[in-house]
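Visitor: Pasting in a structure now, in structure tokens, and then I'll have a few things to ask.
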Amino acid sequence: MLHAVIMAGGSGTRFWPASRTLRPKQLLTLHGDRTMIQSTIDRLGDLVPASRQMIVTNKVLVDAIAEQLPSLLPKNIVGEPCKRDTAPCVGLAAALVHHEDHDAIMAVMPSDHVITSHEAFQAAIAAGEALIKEDPTRIVTYGIPPKYAAESFGYVERGEPITAEGASVFQVKQFREKPDAETARRYVDAGSFYWNSGIFLWRASTILEALQKNEPEMYSHIAAIADRIGKADYAETLEKEFAAIQGKSIDYAVMEQYPNVVVIEAEFPWDDVGSWQALSRLHQADEAGNTVVGSHVGIDSQGCIINTHDGHTVVTIDVDDLIVVQTPDATLVAPKHAEERVREVAKQLKDKGLEGLL
């Protein structure tokens, strides 16, 4: 059967001050009227029932996610004891899914994408499921046709086409890490590269075998956890064994080495909401080019991104290309070109004894 696993352990530091430790990006409403994680569940529709939907997140977020997703079974909101990147997250989820269903196919996806066509997304997942049923050793990923030479995404280079019904499918030639500007332009000009969406399909048994082969030490800890599922000491074993894992991304651990990966060209609209500038892609700008979520009065202000709290108005005068985010207890003002430096805020707040703002 098809299972959905949603990775929701990120901290969303680039969305400070709206994103906080106990309310990170995936729990915010940045597009539409549903939070990011609610929207991720919504787009699954009837493709995967709630009983086969799993969230893997930081253990401190379990209660908040349960509140936002009351349809999920409590056991299907899995709290990681500590942050260990995506490969251990995938391994833990695969072990839990495999315990329930030895023939399970897993659709694995992040919790912080905007995909506005549910129908196209579900069709793409169904196409991937068919490809795995045809060849159970396959791993399927989804490539986003690049709209510009992005330096913030990894890339997938496609190889030979594969015959498939209802989808454009190619053998993966190679994965490429985030490039510099010149390399990104070369990728886009070549016409054979996609943005790496970070959405995958595989059999649970396939990904566990790949981790066992490529990351035997990591796998040994996952196997120790799997051995205690349903036992009285499961929680204790999870705490101990998961913390002992050396973190690594699933791309490094498996994807870049696995010999049988195919990429489906995504026909659904997609946005990786990675920073405040994403708001300018998700919301219509005003006549001055300002993207405003909330209340704003602008005098000779162009190209700004304004996000305000209910009941608060931001006024800007004679400024261009600023990011202004207002919350009840903190305000961010930064030039758009420096948005990556929002990551540095956490250290500065800790140094100044302002951990309550994190």
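The values are calculated or read from the model by the stated rules, or taken from the named source; none is laboratory data. On a predicted model such as this, the values are computed, not experimentally measured, just so you know. Glycine gets a Cβ as well: all are built from the backbone with ideal geometry, and neighbour counts include every protein chain shown.
Visitor: Identify all residues within the range 65-89 that are among the polar types (S, T, N, Q), more than 11 Å from G9 (Cα to Cα) and assigned to a helix (DSSP H, G or I); write none if there are none.
Guide: Once the filter is applied, which keeps residues that are among the polar types (S, T, N, Q), more than 11 Å from G9 (Cα to Cα) and assigned to a helix (DSSP H, G or I), the range 65-89 yields Q68, N76.
Visitor: Oh, and also: If the Cβ limit is 7 Å and pairs must be 6+ apart or interchain, which residue in the range 127-153 that is outside the structural domain of Y187 (by TED's automatic domain parsing) pairs with which residue that is surrounded by 13 or more Cβ atoms within 10 Å (Cβ to Cβ)?
Guide: none
Visitor: Another question, then. From the set of residues in the range 267-315 that are polar (S, T, N, Q) and in a strand (DSSP E or B), which is farthest from S39 (Cα to Cα)?
Guide: Within the range 267-315, the first condition is being polar (S, T, N, Q), and the residues that meet it are 275, 277, 280, 284, 290-291, 295, 301-302, 307-308, 313.
Cutting the leftovers down to in a strand (DSSP E or B) gives us 291, 295, 302, 307, 313.
Details: T291: 22, S295: 24, Q302: 31, N307: 20, T313: 28 Å.
By that ranking, first place goes to Q302.
Visitor: OK, next. If you check T116, T40, which single one turns out to be surrounded by fewer than 21 Cβ atoms within 10 Å (Cβ to Cβ), in the same structural domain as K25 (by TED's automatic domain parsing) and under 24 Å from P269 (Cβ atoms)?
Guide: Matching residue, one of T116, T40: T116.
Visitor: Looking at the range 122-151 only, could you name the residues that are farther than 16 Å from S192 by Cα and touching a helix residue (DSSP H, G or I) at 6+ places or on another chain (Cβ under 9 Å)?
Guide: Hits for the range 122-151 are I132, P136, T137, R138, I139, V140, E151.
Visitor: If I ask for residues that are under 14 Å from A278 (Cα atoms) and either touching a helix residue (DSSP H, G or I) at 6+ places or on another chain (Cβ under 9 Å) or of a type outside the set (A, V, I, L, M, F, W, C) (or both), which ones from the range 307-341 would you list?
Guide: Those that are under 14 Å from A278 (Cα atoms) and either touching a helix residue (DSSP H, G or I) at 6+ places or on another chain (Cβ under 9 Å) or of a type outside the set (A, V, I, L, M, F, W, C) (or both): N307, D321, L322, I323, V325, K336, H337, E339, E340.
Visitor: Hey, K231 hits all of (1) part of a strand (DSSP E or B); (2) without any contact (Cβ under 8 Å) to a residue 40 or more places away in the chain but one; which does it fall short on?
Guide: (1)
Visitor: Is it the case that the range 74-94 has a residue that's in contact (Cβ under 8 Å) with a residue 24 or more places away in the chain, farther than 28 Å from Y219 by Cα, surrounded by 20 or more Cβ atoms within 10 Å (Cβ to Cβ) and of a type outside the set (D, E)?
Guide: No: zero hits.
Visitor: Of the conditions (1) touching a residue at least 12 places away in the same chain (Cβ under 8 Å); (2) more than 23 Å from G79 (Cβ to Cβ); (3) not in a loop (DSSP other than H, G, I, E, B), Q212 satisfies every one except a single condition; which number is it?
Guide: For Q212, the exception is condition (1).
Visitor: Which of the residues that make up the range 6-37 are under 17 Å from H118 (Cα atoms) and surrounded by 18 or more Cβ atoms within 10 Å (Cβ to Cβ)?
Guide: Within the range 6-37, I6, H31, T35, M36, I37 meet the criteria.
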